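Heads up: the structure comes next, in structure tokens.
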Amino acid sequence: MKKRFTAFILTLVIAFSFSSVSAQYYTESKKGGETFEEILQYSVDIDEISNDFNTALELFEKQESAVKIFEILNKYTDEFPQNTEQQIASLKASINNSAENNAYSTKVYNCCVDSYDILNKIIKGMAETDKYKSELLIWSRMTEAELEEYIAEMPTENEYRLLKEINALTEEYHNSQKEMPDFESYDEYVEYLKNMTKKVGNIFVQMVQKRNEIAKEHGYDNYADYAYAEIYDKDYGDAERKEFYNNTQKYISPLIEKLGTADYLISTDYEETRTDSQILDDTRVYLEKINPELTKAFDYMTGHGLYDMKKSDKKQSGCYTAYLDHFNVPFIFINPDGYNVQSTLVHEYGHYTAEFFDPFYSESNALESENRESNLDIAEIQSQGLEVLFYDYYGKLYGNSGRSEKISSVYSMTASIVDAALFSEWQEAVYKDDKITVDKCNSLFKQLCVKYNVDNLYGCDQNGGYTWVLVNHNFEAPMYYISYGVSAMAALDIMNESQENRKAAIDRYMKLSALGDHKEFKSSLEACGFDDVFDENTFKKISKSVKDFAGIGYDDVNDNDWFYPNVILTCDYMEGLSGERFSPNSDATRETFVTALGKMEDDIHGIESSATPFADIDNKFVSWAAEKGIAAGVDDTEFGGELPLTREQVVCFIYRFAGSPS
């Protein structure tokens, strides 16, 4: 019976077979073939379902025959249609954030909660009644021991009540969210934050109190301990989280200010001019270059309209990938307001393809599984790992803004490690305080921002620690944030390896993606060849890798040097003379300069390799420059790559590189 109840919200896998020709990583996945428009047509009568469950409860309370009760419940043993209705109602509310849609989503959610509550009441009551117990065991296909275990794990009636109250608070929070206005001054922004804190701060505190009540129902002192152990099923504990917080403070926090400065100095304020269709087409091109298997789920997604990335002021904020159990497919939702659509699409598609092929979602695996929960730590590597593998194509995707967008992405990913430590430590402290108030939330957040050296970044030096109210995860998914941090460490490990051995980095990513996200975190990383993301040595390696990648790690280049932005901007094309020294006052050679020009061309437009015309050098960028008439040799057979560059050669090379304009 336990397995049957696990399957209540799972779909029966149907006709459409998605082949996996010459697959090295992903296994075959069967899909139903519905388009998103067809999925949106799914509809059930929530009132009828509520009536069914209430009728079943009434029959039980009147001690009617088990046959009559099971006749009703049998309609819901393969799946709970109200769960599918709730998923779709939630999607509709995301796409059109109206009060009506939010209210209906809440109604369906309450129907789901009530249904489980009634079902469990009936099962528990039957198990305690001689008249029903034997028939219950036959119907449920459980042994007595399994039935006892199932009953022991049931939520209490009080927990069901608390879940509905939290959902009502979530609806109230959503209804309070409006698009952030433009501000004339920082003071206006601070005033906005103060008003937001007054508006939603008490909602948050009530959520904390109710979640802590749920934790106590399960024997935990607070919701933080409960969530880590029971909801997210972490295979690491307090000691490893504290190690992560300490190493973040020591090795990652010091990078944030320099990365932020670098991001600011070379920012091009990129504005997307491509249509959604063009972004999708470009994304597919580079997915295929990484590994052709990545295009299979992408083609299904685009062919069946299983995404929404349109700009609309009616949308809820945020971006996510949701798995629609009944239809056995994921769906990508993106509100482009405030997001880079290209990188966000890549991020969400990392989730999408892993879920699309996840072995868990085959019918047999799903029904046999002891744990339906997605492992968010693995899921976020699958998304962020794909992002870093796309860095090689940023020049072609963003043109002259490629380097700027790459630095912005690395800055964001590195900052997410700090955010993960900061918000996780903050949330833990908030949930462990039995007398938490909004003022305490503000004060604690400000203290931790200072600890992690981001008080200036979050404006806590001026605004009093209000910015936590802008982070919806604090309201909707507490204790989730640690997943962003540990996964970003692993993703940056892929970035680091990609610089040295791209083929090996792709292989590591594909292996992890093909695992799906229903595995244990630490053992999965080990099996795929990742370093321990909690270990101090890993933090040291990632810190150095980020500094080298961003060009902020040179001992002889300071952020107040007049050429500092240029070093960051051209770091992909012109490396330092050693890992720690750029040597800005040293002479450049002919090979160094021509190689930099070739890398710039290759980054944005791509170049074809050709045979070298010189006997003294084998460098594809020099060969390209010679073929294009940009740089000639010192004679017919030698290029003279080690010779120092003269000023006349610099202007000639640049002039020809620019196309010899008249």
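Here Asn97 qualifies as at pLDDT below 95, open to solvent by 30 Å² or more (accessible area, probe 1.4 Å) and in a loop (DSSP other than H, G, I, E, B). Pairs are defined by a Cβ separation below 7 Å, a sequence spacing of at least 6 or placement on different chains, a first member in the stretch 476-503 that is free of Cβ contacts under 8 Å to residues at least 24 places away in the same chain, and a second member that is open to solvent by 10 Å² or more (accessible area, probe 1.4 Å) and of a type in the set (A, V, I, L, M, F, W, C); the pairs so defined are Glu497/Ala504. Take the residues in the stretch 470-488 that are in a helix (DSSP H, G or I) and open to solvent by 30 Å² or more (accessible area, probe 1.4 Å), then tell me which one is nearest to Ile252 (Cα to Cα). Looking at residues that are in a helix (DSSP H, G or I) and open to solvent by 30 Å² or more (accessible area, probe 1.4 Å), I get Tyr484.
Check the stretch 118-134 and report whether any residue there is outside any helix (DSSP H, G or I), within 37 Å of the chain's Cα centre (by Cα), among the polar types (S, T, N, Q) and crowded, with 17+ Cβ neighbours inside 10 Å. Show your work before the answer.
Start the filter on the stretch 118-134 by keeping residues that are outside any helix (DSSP H, G or I), which leaves 128-129.
When the remaining residues are screened for being within 37 Å of the chain's Cα centre (by Cα), the result is none.
Looking through the stretch 118-134, none of the residues is outside any helix (DSSP H, G or I), within 37 Å of the chain's Cα centre (by Cα), among the polar types (S, T, N, Q) and crowded, with 17+ Cβ neighbours inside 10 Å.
Quick one: is Thr27 modelled with pLDDT of 95 or more and open to solvent by 20 Å² or more (accessible area, probe 1.4 Å)?
When the stated conditions are applied, Thr27 does not pass them.
Out of all the residues in the stretch 326-351, which are of a type in the set (D, E, K, R) and either crowded, with 21+ Cβ neighbours inside 10 Å or touching a helix residue (DSSP H, G or I) at 6+ places or on another chain (Cβ under 6 Å) (or both)?
Taking the stretch 326-351 first, the residues of a type in the set (D, E, K, R) are 337, 348.
The one that is of a type in the set (D, E, K, R) and either crowded, with 21+ Cβ neighbours inside 10 Å or touching a helix residue (DSSP H, G or I) at 6+ places or on another chain (Cβ under 6 Å) (or both): Glu348.
Report yes if some residue within the stretch 279-290 is more than 17 Å from Tyr393 (Cβ to Cβ), surrounded by fewer than 20 Cβ atoms within 10 Å (Cβ to Cβ) and not basic (Lys, Arg); otherwise report no. For the stretch 279-290, residues more than 17 Å from Tyr393 (Cβ to Cβ), surrounded by fewer than 20 Cβ atoms within 10 Å (Cβ to Cβ) and not basic (Lys, Arg): absent.
Counting only residues that are of a type in the set (S, T, N, Q), assigned to a helix (DSSP H, G or I) and modelled with pLDDT under 95, how many does the stretch 238-276 have?
If we filter the stretch 238-276 for residues that are of a type in the set (S, T, N, Q), which is where we start, we get 246-249, 253, 261, 267-268, 273, 275.
The next check asks that each one be assigned to a helix (DSSP H, G or I); those that pass are 246-249, 253, 261.
Right, trim to modelled with pLDDT under 95 and you get 261.
Looking only at that region, the number is 1.
Within the stretch 458-498, the set of residues being closer than 25 Å to Ile381 by Cβ and charged (D, E, K, R) comprises Glu476, Asp493, Glu497. When residues in the stretch 634-644 are screened for being modelled with pLDDT under 90 and open to solvent by less than 40 Å² (accessible area, probe 1.4 Å), 1 of them pass.
Among the residues that make up the stretch 200-214, is at least one of them open to solvent by 30 Å² or more (accessible area, probe 1.4 Å), aromatic (Phe, Trp, Tyr) and modelled with pLDDT of 95 or more? Outline the logic, then answer.
Keep residues of the stretch 200-214 that are open to solvent by 30 Å² or more (accessible area, probe 1.4 Å), which gives 202, 206, 209-210, 213.
With the extra rule that they be aromatic (Phe, Trp, Tyr), the set shrinks to none.
Within the stretch 200-214, none of the residues are open to solvent by 30 Å² or more (accessible area, probe 1.4 Å), aromatic (Phe, Trp, Tyr) and modelled with pLDDT of 95 or more.
Counting the residues of the stretch 539-554 that are in a helix (DSSP H, G or I) and without any contact (Cβ under 8 Å) to a residue 60 or more places away in the chain gives 4.
Looking at Arg656, Arg581 in this structure, which one is open to solvent by 70 Å² or more (accessible area, probe 1.4 Å), closer than 30 Å to Glu257 by Cα, modelled with pLDDT of 85 or more and not β-branched (Val, Ile, Thr)? Break it down stepwise before answering.
Values: Arg656 fails: closer than 30 Å to Glu257 by Cα.
On inspection, the qualifying residue turns out to be Arg581.
Comparison of Ala596, Ala588, Ala550 shows that the only residue that is open to solvent by less than 70 Å² (accessible area, probe 1.4 Å), over 31 Å from the mean Cα position of the chain (by Cα) and within 30 Å of Asp282 (Cα to Cα) is Ala596.
Residue-level analysis places Ser105 outside the set of residues that are open to solvent by less than 30 Å² (accessible area, probe 1.4 Å), within 21 Å of Leu57 (Cβ to Cβ) and small (Gly, Ala, Ser).
The values are calculated or read from the model by the stated rules, or taken from the named source; none is laboratory data. Treat the numbers as computed from the prediction; the structure is a model and nothing was measured. With ideal geometry, Cβ positions are generated from the backbone for all residues, glycine too; neighbour counts draw on all protein chains shown. Quick note on the areas: whole protein, heavy atoms, side chains included, nothing else; ligands and nucleic acids left out. Shrake-Rupley method; radii C 1.70, N 1.55, O 1.52, S 1.80 Å.
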